[in-house]
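Below: one structure, written as structure tokens.
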There are 2 protein chains.
Amino acid sequence: MSTKLVEAETPIIPLHECRRFIVDCMLAVGTPKSNAETLANILVEADYRGHYSHGMNRIEMYLSEIQNGICNVNAAPEILKETPATAWVEGHNGLGVVVGTFGMEIAIQKAKKVGIGLVVCKGSNHYGIAGMYALQAMKEGLLGLSFTNTSPVVAPTRTKHAALGTNPLSLAAPGLNADSFVLDMATSAVAVGKIEMKNRTKSAIPPQWADLDTGALHPLGGDENNSSYKGYGLALLVEVLCGILGGGAYGPNIRMLGNFDMFADLGHCFIAIDPSCFAPGFEERLSDLMQSLRKMEPISTDKPVLVPGDPEQLHMDAVNKAGGVRYVQDQLDTCRKVAETLKVKPLQYDLH
Amino acid sequence: MSTKLVEAETPIIPLHECRRFIVDCMLAVGTPKSNAETLANILVEADYRGHYSHGMNRIEMYLSEIQNGICNVNAAPEILKETPATAWVEGHNGLGVVVGTFGMEIAIQKAKKVGIGLVVCKGSNHYGIAGMYALQAMKEGLLGLSFTNTSPVVAPTRTKHAALGTNPLSLAAPGLNADSFVLDMATSAVAVGKIEMKNRTKSAIPPQWADLDTGALHPLGGDENNSSYKGYGLALLVEVLCGILGGGAYGPNIRMLGNFDMFADLGHCFIAIDPSCFAPGFEERLSDLMQSLRKMEPISTDKPVLVPGDPEQLHMDAVNKAGGVRYVQDQLDTCRKVAETLKVKPLQYDLH
């Protein structure tokens, strides 16, 4: 629940420059402009919200997948089967952000007609932060839920070996006066990106995050005595809604990140719900609940009680005030190397 | 994840006798027979599945609520608003099990027509184990999801004071050959019933379950360093789908258990999903995933890797073999007192 920019002696970079850089990199590897912009918007939004693990940190991974021909930047998703309230979507191995944005758009259209839309996608790739698609529904006045499976890096309770993804879930819902509830969480103790960020800053991995023997992440809870079977169960809930319902890869069958020998065939699940089909006053009640929680007596006065989405809002406020985001030096070095390799204009630091 | 019957020197009691006793008690306080049977089936199913906290353990609570006139055993739920895929239901302060069974039945009917049904109820009471309603959908070949809010006994991250319920969630889904996935979990570190069971057996409450100062339960995760904000966020996700969407009581506004000065006005949310609207072969994939997890190398050979629903299946197998369930002596004493007070035939111990 960090509310600060990355603490580093590195320059502030405006968000539009981050987007420009990602678009240029994606165009350089043959991505159609609108798909490049979709990816740039989603990655930079992750950094803006303070989820640095899922923003610029991932640009190398996306580029490698494309350059190795294991992800099709030109693919357009297709509806295979639908009812007034559901759709099953084939991603045709396109960019996860393109499949995801398409999937949630279909869910939104259906929710506006019959109160709920459920869309399950297969044949996709890494889609960034789950919260982006939940926010996509929220911007239309709906509740949005987003789920995805991921590469198997989490050990089920009672084994040291990985078999499930960090399988994140997100719910976003609108409150009054632009207030909002935005839960966006991996069902593991921590997200893989947080391990990557520890590696970027050469920090040790805390033992409650992972089995230090095999490197497998723990489910939320940690160990069996601390109810880790609930985190394990939640990872499976997400997998049932994604890979099992959608018919793509699932659980231990999903390729590991960085393996370019097989398609990812990831699955996503999107749900949009129209609150006007239920009790009037949804936004008022949600804001009332969130305000009552924020006003609770904290254990430590410097750590107020927050609701999901507040840490991200505080981070966005800090970015707005600073005029941009800060990356750790290792990230800037990566960006410079990427620019050289792809012969695109390097990320500019002194534009604000 | 206990797989044994209660270890006590108490007699085995057949399930039909447990049901008979509960029906008689409920009839004695004026409950219509079909509603009494619905409650008996759901409570005894909880004991059968090994969730002793939510079975016979709760009979006193239900009877007290009815005798204090704070729950209407004659009420029939009513649909206030609906679309082909959604319904908003008023429980009219009826028994939670009656409102819940009705709500999931509507969700099932809608899922069979348009692939998904979402039903949100208000004006309800304690509905027993969340899993019963998920199983209700699973028995129809569907995926079932069930959520409920509960009395505020869980402290949000960063405060010692309770403001949210244990807000359980459940997903049940069918596998091959009667195999199944049944996740049924409180979003707190443990369920309130587990605290009650510790009290019945005069055992100490582990510090990772609750704040020993205020008695408030911790969210799943425990403390902030162990990602408790995820458990807290999940409790809120459930509340958004129940009290906030349905317009009943929510969060800190819900009455405490045992307070007979106000109606519970609990909210439930039910979702049924028809897997045939998505990729063919759902049951095969689910069983394949579950089997691969069960076959994983365990840390300790006497503790095999399980999937959600396995501990309950093992318990049901043990009950079937023994010919019934066993209750702790304190529970038997309670049942005897209840029988005397209501002048119903006591729970019979020697019927097998």
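The values are calculated or read from the model by the stated rules, or taken from the named source; none is laboratory data. Keep in mind the model is a prediction, meaning the values are calculated, not measured. Here Cβ is always computed from backbone atoms with ideal geometry, including for glycine, and neighbour counts include all displayed protein chains. Protein only, heavy atoms only, side chains kept; ligands, DNA and RNA dropped before computing areas. Shrake-Rupley method; radii C 1.70, N 1.55, O 1.52, S 1.80 Å.
What is the one condition in (1) out of contact with any helix residue (DSSP H, G or I) (no Cβ under 6 Å at 6 or more places or on another chain); (2) closer than 30 Å to B:C71 by Cβ that B:V328 does not satisfy?
(1)
Any idea which residue in region A:325-346 is most open to solvent (accessible area, probe 1.4 Å), counting only those that are out of contact with any Gly (no Cβ under 9 Å at 6 or more places or on another chain) and closer than 14 Å to A:R20 by Cβ?
Result: A:K345.
So, in region B:174-193, how many residues would count as being in a loop (DSSP other than H, G, I, E, B) and more than 24 Å from B:P219 (Cα to Cα)? Don't jump to the end; show me each part of the working.
Step one: list which residues in region B:174-193 are in a loop (DSSP other than H, G, I, E, B), which gives B:175-179, B:186-187, B:189-191.
Next, only the ones that are more than 24 Å from B:P219 (Cα to Cα) stay: B:175-179.
Residues flagged as in a loop (DSSP other than H, G, I, E, B) and more than 24 Å from B:P219 (Cα to Cα) within region B:174-193 amount to 5.
Please go through (1) more than 10 Å from every other protein chain (Cβ to nearest Cβ); (2) hydrophobic (A, V, I, L, M, F, W, C); (3) crowded, with 21+ Cβ neighbours inside 10 Å for B:L257 and return the number of the only condition it doesn't satisfy.
Result: B:L257 fails condition (3) only.
Since A:D47 meets every condition but one in (1) over 21 Å from the mean Cα position of the chain (by Cα); (2) closer than 21 Å to A:A339 by Cα, which condition does it not meet?
Result: A:D47 passes all but (1).
Would you confirm whether or not region B:273-281 contains a residue that is of a type in the set (A, V, I, L, M, F, W, C), in a helix (DSSP H, G or I), at the interface with chain A (Cβ under 7 Å from one of its Cβ atoms) and over 19 Å from A:P280 (Cα atoms)? Can you show your working first?
Taking region B:273-281 and keeping what is of a type in the set (A, V, I, L, M, F, W, C), we get B:273, B:277-279.
When the remaining residues are screened for being in a helix (DSSP H, G or I), the result is B:277.
In the following step, the residues that additionally are at the interface with chain A (Cβ under 7 Å from one of its Cβ atoms) were identified as B:277.
With over 19 Å from A:P280 (Cα atoms) added as a condition, the list becomes B:277.
Yes, region B:273-281 contains a residue that is of a type in the set (A, V, I, L, M, F, W, C), in a helix (DSSP H, G or I), at the interface with chain A (Cβ under 7 Å from one of its Cβ atoms) and over 19 Å from A:P280 (Cα atoms).
Go through region A:120-161 and give me each residue that's part of a strand (DSSP E or B) and under 23 Å from A:R255 (Cα atoms).
A:V120, A:C121, A:K122, A:G123, A:S124, A:S146, A:F147, A:T148, A:V154, listed by residue number.
Being aliphatic (A, V, I, L, M) and touching a Leu at 6+ places or on another chain (Cβ under 9 Å) is the filter here; which residues of region B:265-314 pass it?
Going residue by residue through region B:265-314, those that are aliphatic (A, V, I, L, M) are B:266, B:271-273, B:279, B:286, B:289-290, B:293, B:296, B:299, B:305-307, B:314.
The answer is B:I271, B:A272, B:I273, B:A279, B:L286, B:L289, B:M290, B:L293, B:V305, B:L306, B:V307, B:L314.
So in region A:316-333, with the set limited to residues that are within 21 Å of A:V182 (Cβ to Cβ) and among the hydrophobic types (A, V, I, L, M, F, W, C), which one is nearest to the chain's Cα centre (by Cα)? Explain how you work it out, then say what you get.
Initial filter on region A:316-333 (within 21 Å of A:V182 (Cβ to Cβ)): A:316-321, A:325.
Okay, now just the ones that are also among the hydrophobic types (A, V, I, L, M, F, W, C), so A:316, A:318-319, A:325.
On the way: A:M316: 16, A:A318: 21, A:V319: 19, A:V325: 18 Å.
Per the stated criteria, the residue is A:M316.
Among the numbered criteria (1) within 12 Å of another protein chain (Cβ to nearest Cβ); (2) open to solvent by less than 40 Å² (accessible area, probe 1.4 Å); (3) within 21 Å of the chain's Cα centre (by Cα); (4) under 24 Å from A:N253 (Cα atoms), which single criterion is violated by A:S228?
Evaluating A:S228 over (1) within 12 Å of another protein chain (Cβ to nearest Cβ); (2) open to solvent by less than 40 Å² (accessible area, probe 1.4 Å); (3) within 21 Å of the chain's Cα centre (by Cα); (4) under 24 Å from A:N253 (Cα atoms) leaves (3) as the failure.
Which is open to solvent by 10 Å² or more (accessible area, probe 1.4 Å), over 22 Å from A:Y250 (Cβ atoms) and at the interface with chain A (Cβ under 7 Å from one of its Cβ atoms), of B:G247, B:G233?
Being open to solvent by 10 Å² or more (accessible area, probe 1.4 Å), over 22 Å from A:Y250 (Cβ atoms) and at the interface with chain A (Cβ under 7 Å from one of its Cβ atoms) holds for just one of B:G247, B:G233, which is B:G247.
Please determine, by comparing only the residues of region B:155-184 that are closer than 30 Å to B:D211 by Cβ and in contact with a Phe, Trp or Tyr (Cβ under 8 Å, 6 or more places away or on another chain), which one is farthest from the other protein chains (Cβ to nearest Cβ).
Result: B:N167.
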